[in-house]
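What follows draws every value from the coordinates through simple rules; no lab data is involved. Quick caveat, the model's predicted, so the values are computed rather than measured. Cβ atoms come from the backbone with ideal geometry, glycine included; neighbour counts cover every protein chain shown.
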Amino acid sequence: MAESDSEAFESADEEVIEKKENDQQKKIKKEEQTQVTKTNDEPIKSPASDDTQQSSWRSWSAFGMLKSASQNVASLTTHVSQSISTAIESINIPDPEEMAKINANNEAKTSTEDESQKTPNEESGFKLNSLLSNVSSISSKVVSGGLDTLEELGKKTITIIQETDPNIASKLRSMNVSNKPNLSDLLKEAKEREDDELSGSSQSKDLKNQTVSFEHLLDEYKGLVYLEALEIQSNQSKLKIEVLLKPLTGKALAEMQETLTEVEELCELPDADNFDSDLTSITLESKLKKAIEDLSIEVNFTEIINCAKELDQWITNYNDNDTQRIYAKSIEALAKLCALALNNYQKLAELLLSLSHRSTADEADSVSQLCGIYFSLFNTYAGNYSEKISQINSTSDESKKLSTNIFLECSNATSYVKKAFQLFIPILQLGAL
Amino acid sequence: MSYAYLFKYIVIGDTGVGKSCLLLQFTDKRFQPVHDLTIGVEFGARMITIDGKQIKLQIWDTAGQEAFRSITRSYYRGAAGALLVYDITRRETFNHLTTWLEDARQHSNSNMVIMLLGNKSDLESRREVKKEEGEAFAREHGLVFMETSARTAANVEEAFIQTAKEIYEKIQEGVFDINNEANGIKIGTVSTPPTSPIGSNVSGQSSNSCC
């Protein structure tokens, strides 16, 4: 469901590329006799995509080569994932018990939690480097298979990485940031692989199912359709800017373009790692109000504030020791907060676009501030739930795994807000012209 | 919550004719006499069954206010169905239908199914637009017509479902290119809900086949 919804976000060009990829994926699937069951629900190939297939699968002999190339990639993918698994295992997540002690003794829990988030990022970032060099050394072996093969191989690698995990493909599509999986995607894939290995235990199966559901829940809470509406306004604004630029030449054009660049510079994305994780539903309300105080419009934040209040209450009142239940609740909370944050942005965009007089500097400031608040919000609640889990059981691998997953989905939620933030830029630019 | 198709609807018409109330009645089966003015667009969704197939209706409920007109127009594109609503107790809302219809036709795909709804049919004593007038307008412009009441729920279910049936028939006839999402139709994903054990099997197999 998430997949099909998210596809609507893409601009026409990207849709075309996406279709090509899909078709190539399908082709590979079919030829390699993978066991993914096809149902009648699958899209019927359009004539346009058939052309693509003909060009990319030039002849049967080329295909033979490709097939073996694909198999190489497949084994390569395994290698990559295994390396990532190792990377994950070697991440030093602070012992939850220790964390709890520190929290009890020290008010400064913020910095501890920050560390717990930063550590995985830095460490795994470092591991990724060595991992990438691994990949390149393997690639060089593959070169002996022929340069043509390698060229095709490069194109197919990403497809096959995506194919091993349908979920990652849908996420990439929805993020639409680039065709390269980002760190959190890789970590997530590795996580799921790890769960596969442990599939003997029913607990890890549950965990895996839970992991998949962030996107599903985000869709349930209408997060994806809010983003879609925002993207429509964003594209519309881009078109209007183009129309305004078209008749201009020389100095007038240069000035206009300078204005556009200035607005873009105003919209610097806050760094997700530099945000507090000590928001409460009370501070949230005042921060949100403060963020938009210079705007001449009213934005209704009631829903997101109420949601935070409910979450606070739940965390305070939950006294059972079911860590799985807490974990499930945390993913639900992150998905809901993320959807509501996207809703705030969508509404803000519509309100600003309906104004006859715009104030770009103030708008850019508000949009950036909101972004920071949402990042803090996700960090805070991810921290709260993970702390709750470590209070119950701080030693078991299961608990640590749950905490890691919570922070993964937290970064996932952050990515969606980043996407919304980027979509906002043309909307602000239009107001400045 | 998997579905065979997703249809995107838009609800349009003058402010205060009851668009949001019709949606609320359809999705939540309740009536809210005082409703906040809609800003930009609000969303609703409900699953229905047609011809034994699960269909998800994703409804974009637009603001009727003039100030949002240029914003909401950009949502028309990519809708498979439109509910064009007027208020039978306010003639001016009926008089504005032509403008709404032109707007809709201009900014949407040509196959979009448009349903004309005369809302507030429970307020018979305050009626200003005869049912026959609605019927005539619909006939003239090739629309399907119904009188509805968001308050009593009369014809509300029917209006949304009838529209879906028309879209579904057009799909069967091959009128809609279902692979083009600009038509407001999406084909459901094959993936099963995350809680289903089958879902984990499928992904497990696909990763095995690749290793």
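Collect residues whose amide H, placed 1.01 Å from N in the peptide plane, falls under 5 Å from the amide H of B:Ser121; neighbours closer than 5 in sequence don't count.
The answer is B:Thr148, B:Ser149, B:Ala150.
Expected output is a single nm value to one decimal: the length gained when fully extending between B:Gln162 and B:Arg126, i.e. 0.36 nm times separation in residues minus the C-alpha distance. What is it?
So the chain would gain 10.2 nm between B:Gln162 and B:Arg126.
For chain B, just the Cα atoms, rotate onto the principal axes and tell me the three extents in Å, largest first.
Principal extents (Cα only, largest first): 70, 34, 33 Å.
Once every DSSP H run of n ≥ 4 in chain B is given -39500 (n - 2.57) and the sum is divided by its residues, what mean residue ellipticity at 222 nm do you get, rounded to the nearest 500 deg cm²/dmol?
-10500 deg cm²/dmol
Roughly speaking, what is the stretch gain from B:Ile178 to B:Asp51, that is 0.36 nm per residue apart minus the C-alpha to C-alpha distance, in nm to one decimal?
Working: separation 127, 0.36 × 127 = 45.72 nm, distance 1.73 nm.
This chain segment gains 44.0 nm when fully extended.
What's the exposure ranking of A:Phe378, A:Phe421, B:Phe94, going from fewest to most Cβ atoms within 10 Å? Show your work: numbers first, answer last.
On the way: A:Phe378 28, A:Phe421 18, B:Phe94 22.
Exposure proxy ranking, most exposed first: A:Phe421, B:Phe94, A:Phe378.
Which Cα, out of B:Phe26, B:Ser108, B:Tyr3, lies furthest along the positive dipole direction of segment B:1-159 (beta carbon charges, K/R +1, D/E -1)?
Toward the positive end, the furthest listed residue is B:Tyr3.
Too long at a 27 Å Cα-Cα cut-off: which of A:Lys246/A:Lys418; A:Lys329/A:Lys419; A:Lys287/B:Lys29; B:Lys19/B:Lys131; A:Lys287/A:Lys329; A:Lys309/B:Lys56?
A:Lys246/A:Lys418; A:Lys287/B:Lys29; A:Lys309/B:Lys56
Most exposed first by the Cβ proxy, i.e. fewest other Cβ within 10 Å, how do B:Trp60, A:Trp314 rank?
The most exposed by this proxy come first: A:Trp314, B:Trp60.
For peptide B:73-80, compute the average count of partner chain beta-carbon atoms within 10 Å of each residue's beta-carbon. Before the final figure, lay out each step's value.
Working: counts 1, 8, 5, 0, 2, 3, 0, 0.
For this peptide, the per-residue mean of nearby foreign Cβ atoms is 2.
If neighbour count is taken as other Cβ atoms inside 10 Å, put A:Leu423, B:Leu22, B:Leu117 in order from fewest to most.
A:Leu423, B:Leu22, B:Leu117
Enumerate the amide H contacts of B:Gln54 below 5 Å, restricted to partners 5 or more residues apart or on another chain; note that Pro and chain-start residues carry no placed amide H.
It is B:Ala4, by chain and number.
Just grab the label-to-label distance for B:His96 and A:Lys246, each label 7 Å out from Cα along the Cβ direction, in nm (one decimal).
The answer from the label model is 3.0 nm.
Looking at A:Val243, A:Ala254, A:Val299, which one has the Cα that reaches farthest to the positive end of the dipole of segment A:232-300 (charges on Cβ: Lys, Arg +1; Asp, Glu -1)?
Result: A:Val243.
Across peptide A:227-236, how many C-beta atoms of other chains are within 10 Å of each residue C-beta, on average?
3
What residues have an amide H closer than 5 Å to that of B:Ala82, excluding those fewer than 5 places away on the same chain, when H is modeled at 1.01 Å from N in the peptide plane?
The list, which skips near neighbours in sequence, is B:Ile10, B:Val113, B:Ile114, B:Met115.
Across segment A:291-433, what fraction of all alpha-carbon pairs, as a whole percent, falls in each successive 5 Å bin from zero upward?
In order of increasing distance, the bins hold 2, 10, 19, 19, 15, 11, 9, 7, 5, 3, 1, 0 percent.
Quick one: pull the percentage of alpha-carbon pairs in segment B:17-141 with a separation above 19 Å. Before the final figure, lay out each step's value.
Working: 4065 of 7750 pairs.
Of the Cα pairs, 52 percent sit more than 19 Å apart.
Determine by what factor the alpha-carbon radius of gyration of segment B:95-193 differs from 2.2 N^0.38 Å, reporting the quotient.
Rg over 2.2 N^0.38 Å, computed on Cα atoms: 1.28.
Take every residue in peptide A:255-261, count the Cβ atoms of other chains within 10 Å of its Cβ, and give the average of those counts.
That works out to 0 on average.
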